[in-house]
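One structure is given here, and the rest of the page talks about it.
The values are calculated or read from the model by the stated rules, or taken from the named source; none is laboratory data. This structure is a prediction, so every number in the text was calculated from the model and none was measured. Here the Cβ positions follow ideal geometry from the backbone for every residue, glycine too, while neighbour counts run over all protein chains shown. These area figures cover heavy atoms from the full protein model, side chains too; ligands, DNA and RNA do not enter into them. Shrake-Rupley method; radii C 1.70, N 1.55, O 1.52, S 1.80 Å.
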Amino acid sequence: MASATVVSRPLPTLTEGWSAEKDFKPVASVTASTKRTIEPIGPHFLAHARRARHKRTFSEDDRIEAQNAAKKIEKDEDSDESEAEDPMMLQREAKDWKSQDHYQVLGLSKYRWKATEDQIKRAHRKKVLKHHPDKKAASGATEDDNFFKCIQKATDVLLDPVKRRQFDSVDEKADVEPPSKKEATKDFYKKWGRVFKSESRFSRVQPVPQLGNDESTKEDVDTFYNFWYNFDSWRSFEYLDEDVPDDNENRDQKRHMERKNTNSRKKKKAEDNTRLRKLVDDCLAGDERIKRFKQEANAAKNKKKFEKEAAEKKAKEDARLKKEAEEKAAKEAEEKAKTEREANKKAKEAAKNAVKKNKRVLKGSVKDANYFASGGDASAAQIDAVLGDVEIVQGKIDPDEIAALAGKLNGLKVADEIKGVWSEEVKRLVGAGKLKDGDCKSLA
Amino acid sequence: MAENKGVAPDERTVIGLSFGNSYSSIACTVDDAAVVIANEDGDRQIPTILSYVDGEEYTGGQAKAFLIRNPKNTVVSFRDFLGQDFKSIDPTHCHAAAHAQDVDGGVSFTIQDKAEGEPSTVSVSEISTRYIRRLVQSASDYIGKKVTSAVLTVPTNFNDKQKDALVKAARDADLEVLQLVNEPVAAVLAYDARPEAKVEDKTIVVADLGGTRSDVAVVASRGGLYTILATAHDYEFAGAHLDKVLMDHFAKEFMKKNKDVDPRENARSLAKLKAESEAAKKALSIGTNASFSVESLAEGIDFQSTVNRLRYEMIARKVFEGINRLVEGVVKQAGLDVLDIDEVIMTGGTSHTPRIAANFRSIFPETTVVQAPSTSSTSINPSELLSRGAALQASLIQEYETEDIDQSTHAAVTTVPHVTNAIGVITLSEAGEEAFTPIIAPETALPARRTVHVEAPKEGGDVLIKVVEGNTHIKVTKPEPKPKENGAKDEDEDDSDFDSEEDEEEEHREKIWKIGTALAEASVRGTKKGSKVEVTVQVAADLAVTITTREVGGKGGVRGNLKAP
Ligand SMILES: Nc1ncnc2c1ncn2[C@@H]1O[C@H](COP(=O)(O)OP(=O)(O)O)[C@@H](O)[C@H]1O
Ligand SMILES: [Mg+2]
């Protein structure tokens, strides 16, 4: 084609960072092709043929080979297998067409409601080719066209969607009998599946949910039973009507017959609804999946209950453990406090004792230094003054300082050394402002 | 065909011939335009009927008239018997005329074709030869030169034996058969040869609704090459069945006035009934009323009646609906949806029927062109399409040697690979989403080459060309579901419950392109503001692909190849 088609939708902008050698990136090859026959007609074909032949000559073998390679479009008329014709059927009277099996007449017994329109047409044509009275007459046979009329009637019914549904409604040969309880114990899904597959033909709503199998989910099974308990059926029973007299004379009779037919249709329809409901009931009753789903649901419920109980138990236990831990911690804290208190007391006592002891050291030291009396016993006044000053110093310093002072004094025997320590202490205290210059003269 | 050297190309005078089972048509070309030829009676639709009265041979409309007075020596509906064994023919439509006979397994008719003596048994081949000879004579008279050669149309399900028999029958009538072409593509060619026609890729349904059969084909038209994707043949819903509807109607009307006289029970009355019913049917294609008038319809009683179109359409509904289903079925058979069909070409006499065209109009989406007299002012007469197409083909190939034609139409030439999926590029929708834009349609015969001009982004700049395969699917949007009726409820409904389906709200169906396998990426750099990018995809017979792209009007461009799979 020479001219270019114009597209008004824009191309995308190049993605950032896109690059390819010579700006072209091959990704994949085209999906496989189909060989077909182009029609050798028109100017464009002539151009094609010129190119395709290019001075070549093709043989008959090439033709056959090429034809075999091309996809076939026409159906092979003879490919349909044919059903044997029952001699009894060939004897049928055309006027009894109502009771004939239209599918059998056309050789479609195997297909019934499943036969496509195309199948029916082809079946009809095949029968016409065989049974047309003009052909029989040509071959010298009798002019009996009864069976031909049966064929025409069958086709008339089956090619008319309305009439076909009426016939299919009462085509018992297409029914699949439900399995008995016992039969259904083996191959439940296969046996019941066939039944529902066949019943599906009456559903106004298509496609119809099918029975499924052991692996079907609960959801699918629920959908299935819901659908079938609410089945919307087009099945109707006018095909079984009794003939209404055609003439105008018997008006009452006619009306009577019509009423009778209407009632009978209603009754049959109601019966059919009941039948179907029972069918679904029976299938449901034997459906192991339902039991299993129940069990599974129960198990799930039990599991929940169990889990709840376990959780409760655990909560209780946890609470208990928590309480115990708390009590233990409290007790421990109390004990710790107690020991601490005792230790404190002891330490205090020890400190007190140490102070006492150190104080004794202090007092002892001045005694050892003979109260700083130079030669002979110290006078009572001297002793009082020294001891009084020791008391004052002791009162000015804390236990640590007392201990330090005691440490310095401990072991000293020489009076001057002892006095040196004391006077140093007094000097320190004066320096710290705790004593005034001139205080504790006896020690300085 | 090969055994005969045929006529030398420069000595040929050619026509197109549609030899139908109920009507035939002949055409030639004048200055490359097809012209349908009227015979000596002024008919362009010539009944395929041969009749002998007193040794005199009649064809067409004159022969048809003898179905009433002289049915035994009148041969009808014989084309479909050519090349067939007696056991595989349907004699239905010969019932009211000369009956087909089994002669050595083949088909013959016994007719009094000479003024005196014994009747002759004439094979269907000879009958056809005699008939074709008369058509050729009419054409020669019109053209003013002896017609030597023709292109003939055949149904797509004619087998080789039938084709050979047809060629032989024509040759025996001194007519060289240049080529047999399939009926539906002859119709397509007739449309495509119009000067205003553009070569486009489109998918066409050709509904050939004739007298005794309806044949429907789905044709992929790709760059002027045609490929038939599916066909369906039907012998239950065609013109004769519409005649039957009216015959029954008028017979009943007659019986209302004349009790116990059924005009269908007497052969001659039946023939009159049929002839006038067909005339009424044709009148109803143009007018909304038709009169029916037969002298001495039965037992000497004259009968006059009328029928209006509405009534006709009601009583013929079953046939119309059968035709609808046939068309819908063949589209499905082609693996397509009605939304995939770009055009419906209605051909064959029954396609004149307004109701059928209206039905097609509603089956297909609005964008589908329905080519029929009542739906399109530019349509071509459905009764003439086949002969026109054949005449156009005849003029195309008349200067070729027979051998050359044979080689060019050889299966080795006509069997070619067709792409399975569409090939196209990714463009951006208004919402900025990636969308598939086809360049090569599915079922395009290979080799093929197509070019598109696609807009660059508004601001120009560097453009990405992503070549991908594409597929269509049908998106169905259902209306809000109405509360479902329960199975138990419709007890008091009568048998009209069929129609209740029709008033359900229609779902909305839409054809959506799906992006498939990525094939290649390319870039065109620095496009100008508001410019276009040209993308050409060329697929070779071995499926090797060449892609070229450039800015329209720009220099250089990108070129790349994809290997054959
Ligand atoms: N104007 C018309 N309206 C309705 N039907 C028509 C009209 N013209 C022809 N027909 C019918 O078309 C049928 C013939 O179709 P045609 O395609 O010409 O023949 P064939 O069967 O040979 O393919 C006949 O049944 C004829 O009555
Ligand atoms: Mg035709």
For residues in the stretch B:194-245 being of a type in the set (A, V, I, L, M) and assigned to a loop (DSSP other than H, G, I, E, B), which is nearest to ligand 1 (Cβ to nearest atom)?
B:238
Taking the stated definitions as given, is residue B:393 closer than 30 Å to residue B:31 by Cα, buried (at least 19 other Cβ atoms within 10 Å of the Cβ) and facing another protein chain (nearest Cβ under 8 Å)?
yes
Given (1) more than 7 Å from every other protein chain (Cβ to nearest Cβ); (2) open to solvent by less than 20 Å² (accessible area, probe 1.4 Å), number of the condition residue B:465 does not satisfy:
(1)
Which pairs turn up if I take residues in the stretch B:12-34 that are farther than 25 Å from residue B:157 by Cβ and look for partners that are assigned to a strand (DSSP E or B) and within 16 Å of ligand 1 (Cβ to nearest atom) with beta carbon separation below 6 Å, at least 6 apart in sequence or on another chain?
B:34/B:27
Just a yes or no: is a residue in the stretch B:244-261 within 22 Å of the chain's Cα centre (by Cα) and touching a residue at least 12 places away in the same chain (Cβ under 8 Å)?
no
The condition from (1) under 25 Å from residue B:61 (Cα atoms); (2) more than 16 Å from ligand 1 (Cβ to nearest atom); (3) buried (at least 20 other Cβ atoms within 10 Å of the Cβ) that residue B:295 misses is numbered (3)
Here are some residues: B:516, B:526. Which one is surrounded by fewer than 20 Cβ atoms within 10 Å (Cβ to Cβ), assigned to a strand (DSSP E or B) and at positive phi?
B:526
Pick from A:73, A:41: which is under 48 Å from the mean Cα position of the chain (by Cα), open to solvent by less than 50 Å² (accessible area, probe 1.4 Å) and within 7 Å of chain B (Cβ to nearest Cβ)?
A:73
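Do you know which residues across the stretch B:121-162 are open to solvent by 20 Å² or more (accessible area, probe 1.4 Å) and within 16 Å of ligand 2 (Cβ to nearest atom)?
Of everything in the stretch B:121-162, those that are open to solvent by 20 Å² or more (accessible area, probe 1.4 Å) and within 16 Å of ligand 2 (Cβ to nearest atom) turn out to be B:156, B:157.
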Can you name the residue in the stretch A:44-58 that is more than 7 Å from every other protein chain (Cβ to nearest Cβ) and touching a helix residue (DSSP H, G or I) at 6+ places or on another chain (Cβ under 9 Å) and, of all such residues, is most open to solvent (accessible area, probe 1.4 Å)?
A:50
Might you check whether a residue that is basic (Lys, Arg) and either over 26 Å from residue A:240 (Cα atoms) or in contact with a Ser or Thr (Cβ under 6 Å, 6 or more places away or on another chain) (or both) occurs anywhere in the stretch A:157-178?
no
Name every residue in the stretch B:418-439 that is small (Gly, Ala, Ser), open to solvent by 10 Å² or more (accessible area, probe 1.4 Å) and more than 7 Å from chain A (Cβ to nearest Cβ), in order of residue number.
B:431, B:432
In the stretch B:58-93, the residues that are within 14 Å of another protein chain (Cβ to nearest Cβ) and small (Gly, Ala, Ser)
B:77, B:83, B:88
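Consider residue B:32 carefully, then state whether it is of a type in the set (Asp, Glu), away from ligand 1 (no atom under 14 Å from the Cβ) and within 14 Å of chain A (Cβ to nearest Cβ).
Answer is yes for this residue.
Wholly within the stretch B:59-159, which strands (runs of 3 or more DSSP E) include no fewer than the required count, namely at least 2 residues that are closer than 22 Å to residue B:276 by Cβ?
Ranges flagged: B:74-76.
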So, in the stretch B:322-347, how many residues would count as being of a type outside the set (A, V, I, L, M), within 18 Å of residue B:369 (Cβ to Cβ) and within 16 Å of ligand 1 (Cβ to nearest atom)?
1
Output the number of residues of the stretch A:228-264 satisfying the condition of being within 48 Å of the chain's Cα centre (by Cα) and open to solvent by 40 Å² or more (accessible area, probe 1.4 Å).
2
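Here's the yes/no breakdown for (1) within 16 Å of ligand 2 (Cβ to nearest atom); (2) under 13 Å from the mean Cα position of the chain (by Cα):
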| site | (1), (2) |
| --- | --- |
| B:320 | no, no |
| B:325 | no, no |
| B:328 | no, no |
| B:341 | no, no |
| B:346 | yes, yes |
| B:356 | yes, no |
| B:362 | no, no |
| B:365 | no, no |
| B:374 | no, no |
Kindly indicate whether residue B:293 is touching a Phe, Trp or Tyr at 6+ places or on another chain (Cβ under 8 Å) and within 27 Å of residue A:157 (Cβ to Cβ).
no
When you go through B:392, B:386 one by one, which is the residue that is aliphatic (A, V, I, L, M), within 16 Å of ligand 2 (Cβ to nearest atom) and in contact with a Ser or Thr (Cβ under 7 Å, 6 or more places away or on another chain)?
B:386
Show the residue pairs meeting these rules: Cβ distance below 9 Å; 6+ apart or different chains; first residue within the stretch A:414-432 and in contact (Cβ under 8 Å) with a residue 60 or more places away in the chain; second residue among the small types (Gly, Ala, Ser) and buried (at least 16 other Cβ atoms within 10 Å of the Cβ).
none
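Select from the stretch B:167-176 the residues that are open to solvent by 10 Å² or more (accessible area, probe 1.4 Å) and outside any helix (DSSP H, G or I) and list them in ascending order.
Across the stretch B:167-176, the qualifying residues are B:174, B:176.
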Output for the stretch B:18-34, where each listed residue is buried (at least 22 other Cβ atoms within 10 Å of the Cβ) and away from ligand 2 (no atom under 16 Å from the Cβ):
B:28, B:34
Note: among B:15, B:37, just one is within 16 Å of ligand 1 (Cβ to nearest atom) and open to solvent by less than 60 Å² (accessible area, probe 1.4 Å), namely B:37
Mind listing just one residue for me: the one in the stretch B:175-193 that is farther than 13 Å from residue B:155 by Cα and among the charged types (D, E, K, R) and, of those, farthest from ligand 1 (Cβ to nearest atom)?
B:176
List pairs: first residue in the stretch B:178-198 and facing chain A (nearest Cβ under 8 Å) and open to solvent by 10 Å² or more (accessible area, probe 1.4 Å), second residue polar (S, T, N, Q) and assigned to a strand (DSSP E or B) anywhere in the structure, Cβ distance under 8 angstrom, at least six positions apart or on different chains.
B:182/B:153; B:192/B:221
All-but-one check, residue B:211 against (1) at the interface with chain A (Cβ under 10 Å from one of its Cβ atoms); (2) buried (at least 24 other Cβ atoms within 10 Å of the Cβ); (3) not basic (Lys, Arg), failing number (1)
Over the stretch B:538-561, the set of residues more than 40 Å from the chain's Cα centre (by Cα) and part of a loop (DSSP other than H, G, I, E, B) is B:552, B:553, B:554, B:555, B:556, B:557
